[in-house]
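This report concerns only the one structure given below.
The values are calculated or read from the model by the stated rules, or taken from the named source; none is laboratory data. Quick caveat, the model's predicted, so the values are computed rather than measured. Cβ placement follows ideal geometry from the backbone for every residue including glycine, while neighbour counts extend to all protein chains displayed. For accessibility, only protein heavy atoms count, side chains too; no ligands or nucleic acids. Shrake-Rupley method; radii C 1.70, N 1.55, O 1.52, S 1.80 Å.
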Amino acid sequence: MAIMQKRILIPLFETLSGERILIRHYQEDDAQAFLDAVIESRDRLRLWDSWTDKCQTLDDARAWLREDMAHWLLREQLQMGIWDLETEQFLGDIMLRPHSWEIPFFEIGYWLRTSAEGKGYMTEAVELLTDYALRELQAQRVMLRIDERNKRSIAVAERSHFQREGTLRNHERAGDGTLRNMVIFALIPDDLT
């Protein structure tokens, strides 16, 4: 299919704006804000994954974001920052990973800095990005994979009207090395009718 061969040419948004947040792809000067949020949230994020241990310094954050920018340009993984519209504070990260450009089928992943939790920011971000994927990228499937112990993240999926499809048992290792079960949620265009 032509979309697979030309995916690098697929136009993407500069920003997505909601009522309280702005989503945009990363720029190099976002490194300090990104690092500050990782440091603030490292202990909590470590429950779900160990990637934060690789982001200890400003140079680590710069390298991390440059890699994200390269994936963005190649349309391999679309990693973005979530920003408070009013204060311009960095709130967290959201990602749209193509599983298949031919279907199209995408997965959304996300994390929020600890001080921004419980305020509805992530629900707004997930709904904005899901709407973009369905309407602009003609997604036929948008999926969330969530550790079954992550009750806040499951609540985001449920508030955003994703359908629970099942649980993958002992699917991957958590940040502490234990095996974890992943709950699969998805939305398809028919769910919106």
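Tabulated results
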| item | result |
| --- | --- |
| Matching residues in region 101-111 - criterion: being free of Cβ contacts under 8 Å to residues at least 60 places away in the same chain and either open to solvent by 30 Å² or more (accessible area, probe 1.4 Å) or hydrophobic (A, V, I, L, M, F, W, C) (or both) | I103, F105, F106, I108, Y110 |
| Subset tally (residues that are open to solvent by less than 20 Å² (accessible area, probe 1.4 Å), over 30 Å from E14 (Cβ atoms) and not acidic (D, E)) for region 138-171 | 1 |
| Qualifying residues in region 47-61 (those that are of a type in the set (D, E) and open to solvent by 60 Å² or more (accessible area, probe 1.4 Å)) - the one modelled with the lowest pLDDT | D49 |
| From the options E67, E14, E40, E19, residue that is over 17 Å from the mean Cα position of the chain (by Cα) and open to solvent by 80 Å² or more (accessible area, probe 1.4 Å) | E19 |
| Test: residue in region 131-143 that is outside any helix (DSSP H, G or I) and without any contact (Cβ under 8 Å) to a residue 12 or more places away in the chain | no |
| Candidate set from region 25-37 (those that are out of contact with any Lys or Arg (no Cβ under 7 Å at 6 or more places or on another chain) and either over 18 Å from F90 (Cα atoms) or of a type in the set (A, V, I, L, M, F, W, C) (or both)); member that is surrounded by the fewest Cβ atoms within 10 Å (Cβ to Cβ) | A33 |
| Hits in region 176-188 (condition: buried (at least 17 other Cβ atoms within 10 Å of the Cβ) and of a type in the set (G, A, S)) | A186 |
| When residues of region 118-137 are limited to those that are surrounded by 19 or more Cβ atoms within 10 Å (Cβ to Cβ) and under 12 Å from A155 (Cα atoms), the one farthest from the chain's Cα centre (by Cα) | M122 |
